[in-house]
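The values are calculated or read from the model by the stated rules, or taken from the named source; none is laboratory data. In this text the structure is predicted, and so the values were computed from the model without any measurement. Cβ sites come from the backbone with ideal geometry, for glycine too, and all protein chains shown count toward neighbours. We work out accessible area using only protein heavy atoms, side chains counted, and drop any ligands, DNA or RNA first. Shrake-Rupley method; radii C 1.70, N 1.55, O 1.52, S 1.80 Å.
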Amino acid sequence: MKIVVIGGTGLIGTKLVAKLREAGHDTLAASPDSGVNTITGEGLEAALAGAEVVVDLANSPSFEDKAVMEFFETAGKNIAKAEIAAGVRHHVALSIVGAERLVDSGYLRAKVAQERIIKASSVPYTIVHSTQFFEFLGGIAHSATVGDTVHLSPGWFQPIASDDVATAMFKATLGKPKNGIVEIGGPERLRMSDLVQRFLTAKKDPRQVVADTHARYFGTELKGDELVPGPGAHLFATTFEQWMQRQ
Ligand SMILES: NC(=O)c1ccc[n+]([C@@H]2O[C@H](COP(=O)([O-])OP(=O)(O)OC[C@H]3O[C@@H](n4cnc5c(N)ncnc54)[C@H](OP(=O)(O)O)[C@@H]3O)[C@@H](O)[C@H]2O)c1
């Protein structure tokens, strides 16, 4: 079975491509470097020829509100059009737990727009909603740093190891289309400000985290547990401590 992984050179994409190839699937890792660009459309038709499943794991190079919306809307429409022309039977995408609950965030609004395009397409789909990756903790700290201080919400989240996300994407890719959403997360519900402080301390990073209920997470305040998965979610076992030990 031919499978195209768009964003196949990224954090999750690389891991998924390796798993699919190991399982014997003809897998194409598509990205601008390999001549496939979902924004310009370059190489998309050729890449999708003969593909049964397309997995979209691309991310916007810019998280600025307008740029990220343009990225996910343009890519989403180009991919849907190319999939219909190629007769693709399953589109799999990775989005974020709680995106629809946090409309003040430009990044999360763009992910919701991406999902809307997927749902409106005639191609059967599965959308995996993941919580934040442990690998993204440094990015969260960076986005909230002023001088030596990191201003972060004490709101709850339930982060997950990227290896576990790749396992979930592997299952979704080889499974039947759900025409719906599957939620995944890590094992522990944690306060964002606390975990990022633990992460920085473990990395011997001198920055100090200030817990601030009004601090914005990519443009939005966290009122409570918007980023926490619901009762039906598949929770993976890797804890923050175990993930840190593997680094
Ligand atoms: N970070 C989190 O905590 C989190 C949580 C839940 C869901 N997600 C979602 O997970 C997905 C994957 O994230 P990630 O961290 O694995 O991404 P990543 O490491 O930043 O990789 C992004 C990938 O997108 C590719 N790409 C960029 N522009 C492209 C274009 N115009 N056409 C085709 N491919 C393009 C990149 O190719 P090059 O290598 O050539 O640049 C790269 O392969 C994202 O959609 C994100 O929203 C993230």
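What helices (runs of 4 or more DSSP H) completely inside segment 133-233 contain at least 2 residues that are in contact with a strand residue (DSSP E or B) (Cβ under 8 Å, 6 or more places away or on another chain), in contact (Cβ under 8 Å) with a residue 24 or more places away in the chain and closer than 28 Å to K119 by Cβ?
On the way: elements: 137-143, 162-174, 192-202.
Qualifying helices (runs of 4 or more DSSP H): 162-174.
Restricting attention to segment 63-75, does a residue exist that is under 22 Å from N179 (Cα atoms) and more than 9 Å from the ligand (Cβ to nearest atom)?
The initial filter retains those residues of segment 63-75 that are under 22 Å from N179 (Cα atoms), namely 72-75.
Of the ones still in play, those that are also more than 9 Å from the ligand (Cβ to nearest atom) are 73.
There is at least one residue in segment 63-75 that is under 22 Å from N179 (Cα atoms) and more than 9 Å from the ligand (Cβ to nearest atom).
When you look at D56, is it under 18 Å from A166 (Cα atoms) and touching a Gly at 6+ places or on another chain (Cβ under 8 Å), yes or no? Lay out the reasoning, then the answer.
Values: under 18 Å from A166 (Cα atoms): yes; touching a Gly at 6+ places or on another chain (Cβ under 8 Å): yes.
For D56, the condition - under 18 Å from A166 (Cα atoms) and touching a Gly at 6+ places or on another chain (Cβ under 8 Å) - is met.
Taking only segment 238-247 into account, find how many residues are assigned to a loop (DSSP other than H, G, I, E, B) and open to solvent by 80 Å² or more (accessible area, probe 1.4 Å). Explain how you work it out, then say what you get.
So in segment 238-247, the residues assigned to a loop (DSSP other than H, G, I, E, B) come out as 238-239, 247.
The next check asks that each one be open to solvent by 80 Å² or more (accessible area, probe 1.4 Å); those that pass are 247.
Going through segment 238-247 one residue at a time, the tally reaches 1.
Please tell me if I39 is over 18 Å from E135 (Cβ atoms), touching a Ser or Thr at 6+ places or on another chain (Cβ under 6 Å) and near the ligand (Cβ under 7 Å from one of its atoms).
Numbers: over 18 Å from E135 (Cβ atoms): yes; touching a Ser or Thr at 6+ places or on another chain (Cβ under 6 Å): yes; near the ligand (Cβ under 7 Å from one of its atoms): yes.
Answer is yes for this residue.
Kindly indicate whether G13 is within 9 Å of the ligand (Cβ to nearest atom), touching a residue at least 40 places away in the same chain (Cβ under 8 Å) and out of contact with any helix residue (DSSP H, G or I) (no Cβ under 8 Å at 6 or more places or on another chain).
On the way: within 9 Å of the ligand (Cβ to nearest atom): yes; touching a residue at least 40 places away in the same chain (Cβ under 8 Å): yes; out of contact with any helix residue (DSSP H, G or I) (no Cβ under 8 Å at 6 or more places or on another chain): yes.
Taking the combined requirement at face value, the residue satisfies it.
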